[in-house]
Structures are given as structure tokens and as C-alpha cells.
1. Using r as the Cβ-Cβ distance of Val109 and Leu184, and R0 as 30 Å, what FRET efficiency do you calculate, to the nearest 0.05?
2. Note the full-extension length gain between Arg193 and Leu5 as 0.36 nm times their separation in residues minus their Cα-Cα distance, in nm to one decimal.
3. How tilted is helix 26-39 with respect to the longest principal axis of the chain? Cα atoms for both, answer in degrees (0 to 90, nearest 10).
4. Quick check: the angle from helix 90-104's long axis to the longest principal axis of the chain, C-alpha only, nearest 10 degrees?
5. To check my understanding: the extent here is largest minus smallest coordinate of the Cα atoms along each principal axis. What are those three numbers for the range 80-150, in Å, largest first?
6. So for Phe121, Phe6, fewest C-beta neighbours within 10 Å to most, what's the order?
7. Going 7 Å from the Cα of Asp125 along its beta-carbon direction, which residues of the range 148-190 have the amide nitrogen within less than 17 Å of the resulting point?
8. At a threshold of 8 angstrom on Cα-Cα distance, excluding pairs fewer than six apart, so keeping six or more, what relative contact order does the chain reach in percent?
Amino acid sequence: MDAELFPRSRAQVAPGAVHVPDWLDGDRQQRLLDACREWARPPAGLRTVRTPGGGTMTSRQVCLGWHWYPYGYARTVVDGDGAPVKPFPDWLAALGREAVEAALGPRAVPWEPYDIALINFYEADARMGMHRDSDETSDAPVVSLSLGDTCVFRFGNTETRTRPYTDVELRSGDLFVFGGPARLAHHGVPKVRPGTAPPALGLTGRLNITLRVSGFGRDPQRIMGDSPS
Ligand SMILES: O=C(O)CCC(=O)C(=O)O
Ligand SMILES: [Fe+2]
């Protein structure tokens, strides 16, 4: 997989949406995976997300900075163990800026710091339905980093959850950034390809880390109009 006849090249999937294959080298993937393993521990660790309709998401999730739940953000795990969300580290904010610059150029780097990470863990049968990342108030680009198994990432349009869309393979170390006109495009993960992770990484399954700018200032509950307390 690392020595292909035709190396994968960066691609603009839609205006504002760019795929950068192999952006994280093996070392950085390993360090990010080690950090994810720490973040996954309780309290405020990896959890199954319940949707308002009574279903459960098939990927499991842990958040940093702000806790996401369907459909808003809080400072504590309001739909879980109630613990304060884990802090969002400065090095991850720097990685977010570096990623935007690599994918979209220096002018696209947001003035506000990245302050949210949603980390999704996919086992063989996990998927994520088409959705928009619309619970943030900032329009800063979303940064997506993938580790472990390859998946099919479906990137669609802002209007509908259906076609037109483009299917992209996201592999371990790949970067995908969507901002500007693509910031509110629907996207999802219809399939994970089990057993495709680089053996040296030592991960069974797939991790995806999305970095976002909340735009909340200090008072998200008022902005979200959804106070759990
Ligand atoms: O796993 C992925 O690649 C996508 C994750 C995603 O869309 C999200 O966390 O909102
Ligand atoms: Fe998303």
C-alpha cells in the first residue's frame, strides 16, 4: 500500500474541499494514535452516542474542548458520565492550522484557534450517515485526519443528502479539509475496509479526528439555545 505504482495525488473534491493523501508520516500517525488512546479512557472517554430517535451511532466517539451530543455542544458529557470534557491541547490547534495551510493555503487559516476535536472510532461494520457539521457557529474549515483502516468517505453537496457526491478513499495518514463553499456540505462514511490499516501502526479499526473552531466565545449554551443545566 505504501509503494504504489501510481502515487495518490492531492485532489480538490469540490471548491473548498481538498484531499491530501499521506499528510501525516508514520511517526506523527503513531503519536496521534497514542494520544487518542489516552483520550479514549474514562472519565469523559469513548462512548456510544444515542440519537434523539432512539438509535445509536455505530462509530464510538470521544470529544476534546467541547462535548458534542446530538445536536449541540456542552462543557460536560451531558449524555454520558457527566464528567468535564477533556481539554483541547495547544499542539492540536497548531496541527489544525498547519493542516489548513497545507490543504487550502495560508489565507484560509482561521484567526480563531481550533478548539474542538471529535474523535470517531470505527470497527469493521461501523458507518456514518450523510450529515452536515453545522453545530459550530464559526465558518472555519473542518480538518479531518484519518488513522488505521481505509474508508470510503462520501463528500456531497450543501443542498441534499443525496447525489451529486464524490467517493474518496481515506487511508491512514490522509488529510481532508472542507471550508468556504464546502463547509456545510453533507458527508458521511458508507464503508470501512477492515484489515487495511498499516501493520506497523498497531490499530485494528479506523480513527478519524475532526478539528473544528467552535466560534462560541465563552457562552455556548446561550448561542445553542439549548441549556442542559
Ligand atoms: O469519519 C470521518 O471521516 C467523518 C467524521 C465526521 O463526519 C464527523 O465527525 O462529523
Ligand atoms: Fe461530519
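1. So, using R0 = 30 Å, E works out to roughly 0.95.
2. Here the answer is 65.6 nm.
3. 20 degrees
4. That helix lies at roughly 50 degrees to the long axis.
5. So the three principal-axis extents are 38, 32, 23 Å.
6. Phe6, Phe121
7. Only 190 pass the distance filter.
8. Here the relative contact order equals 25 percent.
Every read-out reported here was derived from the displayed coordinates using simple, explicitly stated rules and does not represent laboratory data. Everything numeric in this text was worked out from a predicted model, so none of it was measured. So basically every Cβ, Gly included, is an ideal-geometry build from the backbone, and we count neighbours across all protein chains shown.
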